[in-house]
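Everything on this sheet refers to the single structure shown next.
The values are calculated or read from the model by the stated rules, or taken from the named source; none is laboratory data. Just so you know, these numbers come straight off a predicted model, no measurement behind them. Here the Cβ is made from the backbone with ideal geometry for all residues, glycine too, and neighbour counts use every protein chain on show.
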Amino acid sequence: MNVWPLKFRETSDGSVLFCDDAGGFFKAGHGFLDRYASNDLSEADVAFLKEGGHGFDTDLDLAWTSFAYRWARRQSKPQSMNYVILVPTLRCNLTCAYCQVSRAPLNARGFDWSDGTLSGVLAFFDGLQGPDIKIEFQGGEPLLRVDLLETVRAFCRERFALSQFVVCTNLQDLDARAWAFLDAQDTLISTSLDGDRMTHERQRTHASKVTETFFDNLEKSVGRYPAGKVSALPTIDVANPPDFAGLLDNYERFGIRSVYLRPINHQGFARKLDQGENVLARWNRLHSEFIDLLIARNHRTGRFMEEYYFSQCLKRALRFGADNHVDIRNPNFFASDYIVIDHDGRFYPTDEARMLSRIGRMDLSIGDLTTGIDRAKVDLLNSATFNHFDPDCIHCPYQPFCGTDVIDDISRYGRIDIPRPDTWFCGRHLSLFDKVFEVVYRNDEPARASVAAWLGVNAWSSDLVPVHS
């Protein structure tokens with residue numbers, strides 16, 4: 001029998017997790033590892049590997065075809081453009097210390113779309129081929145230019161069979177026109193809620209009156225709109241994290257059951273913040289503790305909440321087609337199905353790329369509305385958007401589930417050839433997938449209940465995750 005190459009990693013309970021290139025996985029002891037490494041597999045080993053699809057007899061074997069199919073299903077394919085981030089203004093009415101976009105002051109000039117830029121945006125949408133579009137309005141504070149948002153939305157509703165809009169807003173200054181724009185059924189709200197009132201004020205609003213306005217508008221939003229229309233995420237300062245139990249209570253109070261914990265990004269004004277030593281290790285520990293708290297809380301209350309990114313990693317490990325989050329796509333093709341158009345009409349492959357250009361770190365623009373997308377630059381970036389041949393990734397059991405983030409590497413290190421284990425991206429995702437497999441292999445009811453809820457299945461059983469003795 002031929003055995004597909006198995007990659008392995010010791011787990012926190014002393015056993016070893018094995019994965020093949022198609023994402024098939026199982027746990028076993030060090031005895032199996034010794035037999036596998038010395039090519040001394042027992043009959044029981046051979047039977048287990050065949051049954052799990054980790055081995056085949058010939059290239060005409062159904063097991064070989066099955067493996068090839070599963071490997072192909074793991075790969076992300078280029079899609080038609082259907083998701084566009086628009087930045088109609090860089091101006092903002094807050095001065096958050098951890099701002100990653102280097103916003104412009106409220107009264108600054110030259111940071112909004114010109115009439116020509118608006119016309120170029122509409123022409124760009126008119127040239128797209130697909131039947132649907134999703135637009136995310138970012139900033140700055142996009143509701144400072146509701147007029148631009150209205151024009152884009154009206155055009156897209158006419159141009160596309162299906163359109164959806166997301167407004168990323170700080171919910172600070174909402175007049176009647178802004179509320180009327182947000183009232184539409186095809187328009188969603190995304191905001192930031194950093195925990196309890198004290199944490200939110202310390203990190204974002206800096207004044208009790210401003211804080212009061214935010215919470216009043218958030219409460220008005222969740223009372224005014226159906227569940228799921230309003231989403232929020234917290235930005236976590238590793239040096240001064242919020243009380244996580246209080247954070248979850250506050251999110252549930254506002255009917256928000258999905259929490260996306262974000263560390264302070266190494267972008268924009270946030271680059272200047274000093275969070276102390278060993279930031280990544282401290283972040284990984286905080287995130288792991290949050291998942292444990294969430295599992296215990298879900299079991300205690302029976303009201304299931306999720307940490308969004310952990311749920312995405314869980315789905316990546318356990319099913320095909322979980323490509324919703326670009327960081328864990330593989331390959332992660334730029335300017336394929338999503339792109340960013342900045343306040344000055346320039347195209348960027350990601351929001352983080354425009355931030356790097358904004359601070360003068362590196363120009364990662366890929367064209368503009370006048371000249372079009374620069375495919376030569378896109379192809380150059382895309383040459384580093386997969387992990388199949390990375391000398392470190394090819395030995396990692398999590399390679400089939402993981403992705404790449406060339407923009408983050410450029411931001412942090414100024415280059416893309418840093419050894420993978422030395423990067424923030426790798427260190428973060430090793431910890432995330434360690435936690436994913438720790439949780440799915442837990443043989444206790446709290447973990448099983450949360451895993452089932454996060455996967456959207458009726459029940460989860462330890463029988464669904466293979467173990468070889």
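Observations on the structure shown:
- Annotation: I85 fulfils all but one of (1) under 27 Å from V210 (Cβ atoms); (2) in contact (Cβ under 8 Å) with a residue 24 or more places away in the chain; (3) out of contact with any helix residue (DSSP H, G or I) (no Cβ under 8 Å at 6 or more places or on another chain); (4) among the hydrophobic types (A, V, I, L, M, F, W, C); the unmet one is (3).
- Index of the failed condition, R202 passing every other in (1) closer than 30 Å to P131 by Cβ; (2) surrounded by fewer than 18 Cβ atoms within 10 Å (Cβ to Cβ); (3) of a type outside the set (G, A, S): (1)
- Filtered by the rule that a residue be in contact with a helix residue (DSSP H, G or I) (Cβ under 9 Å, 6 or more places away or on another chain) and either outside the structural domain of G345 (by TED's automatic domain parsing) or at pLDDT below 95 (or both), the stretch 139-158 gives a lone residue, G139.
- The listed residues are D342, D351, D368, D337, and the only one of them that is in the same structural domain as L122 (by TED's automatic domain parsing) and under 15 Å from I410 (Cα atoms) turns out to be D351.
- Test: residue in the stretch 199-219 that is within 20 Å of R257 (Cβ to Cβ) and either in contact with a Pro (Cβ under 7 Å, 6 or more places away or on another chain) or assigned to a loop (DSSP other than H, G, I, E, B) (or both): yes
- Residue match in the stretch 68-84 (condition: assigned to a strand (DSSP E or B) and among the hydrophobic types (A, V, I, L, M, F, W, C)): yes
- Top-ranked residue in the stretch 291-315 [being farther than 18 Å from D444 by Cα and either part of a helix (DSSP H, G or I) or hydroxyl-bearing (S, T, Y) (or both); ranked as farthest from the chain's Cα centre (by Cα)]: K315
- Members of the stretch 85-131 that are aliphatic (A, V, I, L, M), at pLDDT 90 or above and in a strand (DSSP E or B): I85, L86
- Yes/no for G372 being surrounded by 19 or more Cβ atoms within 10 Å (Cβ to Cβ) and at positive phi: no
- Residue within the stretch 371-392 that is of a type in the set (F, W, Y), touching a residue at least 60 places away in the same chain (Cβ under 8 Å) and not assigned by TED's automatic domain parsing to the domain that holds T350 present: no
- Any helices (runs of 4 or more DSSP H) falling wholly within the stretch 384-469 and containing at least 1 residues that are at pLDDT below 90 and surrounded by 15 or more Cβ atoms within 10 Å (Cβ to Cβ): 406-413
- When residues of the stretch 368-388 are limited to those that are more than 14 Å from V406 (Cβ to Cβ) and not small (G, A, S), the one nearest to the chain's Cα centre (by Cα): H388
- With respect to (1) farther than 18 Å from V167 by Cα; (2) buried (at least 17 other Cβ atoms within 10 Å of the Cβ), the lone exception for G139 is condition (1).
- Qualifying residue in the stretch 323-339 (condition: modelled with pLDDT of 95 or more, crowded, with 20+ Cβ neighbours inside 10 Å and either closer than 30 Å to D115 by Cα or in contact with a helix residue (DSSP H, G or I) (Cβ under 8 Å, 6 or more places away or on another chain) (or both)): yes
- The set of residues in the stretch 142-169 that are in a loop (DSSP other than H, G, I, E, B) and surrounded by fewer than 23 Cβ atoms within 10 Å (Cβ to Cβ) comprises F160, A161.
- Of all residues in the stretch 43-67, those satisfying the criterion of being among the aromatic types (F, W, Y) and either part of a helix (DSSP H, G or I) or touching a His at 6+ places or on another chain (Cβ under 6 Å) (or both) are F48, W64, F67.
- Residue in the stretch 422-431 that is outside the structural domain of R358 (by TED's automatic domain parsing), under 17 Å from the mean Cα position of the chain (by Cα), under 24 Å from L293 (Cα atoms) and aliphatic (A, V, I, L, M) present: yes
- Residue within the stretch 39-52 that is surrounded by 12 or more Cβ atoms within 10 Å (Cβ to Cβ), touching a Leu at 6+ places or on another chain (Cβ under 6 Å) and not hydroxyl-bearing (S, T, Y) present: no
- Of the candidates D34, D21, the single residue that is assigned to a loop (DSSP other than H, G, I, E, B) and among the acidic types (D, E) is D21.
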